[in-house]
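Notes follow the structure.
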Amino acid sequence: MQTLLSHRPSTARKRSFAATLLPDRFGWLMGLYSENHQRLARLFAPHRLAVGEYVSSVGDGLDVWLSVQERHPYTLELGLSYEMLDASTGNPAPSAQLRCYLDAHMTEALHCQPGRDLWQVLGPLAPTRNVLQHRLRMNGFLNRWLEYLAGQGHSLATLQRVQVKTPAAA
């Protein structure tokens, strides 16, 4: 009986050599969050900005708006967009809603469609795989966009605070 138990084939799935070297999708997503945070911190240093609206202009006609919406002890809520509107929706496009985790040094793109939450894009009971793939796409887009903005010359030096006109002040 002992010999039968000791020679049972292993039911554990063996990982390929490539799978041991490459991160899984969740690990890849966490890496994107970290890289997004580093790029954003180098670009605009939002952790040093007060709550308010900022614009970065490098003379190419595509001004970038950064909105520091909320500041908490360990997180920042940001909006990032160009100063142009989508003809069909009237919303800024492209745009991204971001959450910076200051203690973990990670920045997550919450959504890239203004006014829409993740459940509105994917549906209320989306499978985990779909949610993960969507988050990978959004954060991959943010990563490339931040790299592009840095290449165009946007930086903390080109960022200026904008005084938003309120109806009472007008």
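Quick notes on this one:
- Gained length - ALA87 relative to SER57, 0.36 nm times residue gap less alpha-carbon distance: 8.6 nm
- Separation of alpha-carbon centers, the range 125-167 and the range 42-117, rounded to whole Å: 6
- Positive end of the dipole of the range 58-105 (Cβ unit charges, origin at the Cα centre): among MET84, PRO73, CYS100, the Cα lying farthest that way belongs to PRO73.
- Accessible surface ranking that places the most exposed of ASP86, ASP24 first, with a 1.4 angstrom probe: ASP24, ASP86
The values are calculated or read from the model by the stated rules, or taken from the named source; none is laboratory data. It should be emphasised that the depicted structure is a prediction, and the values quoted were computed from it without experimental measurement. Reconstructed Cβ throughout: ideal geometry from the backbone, glycine too, with neighbour counts over all protein chains shown. To get the accessible areas, we keep the full protein, side chains included, count just its heavy atoms, and leave off ligands, DNA and RNA. Shrake-Rupley method; radii C 1.70, N 1.55, O 1.52, S 1.80 Å.
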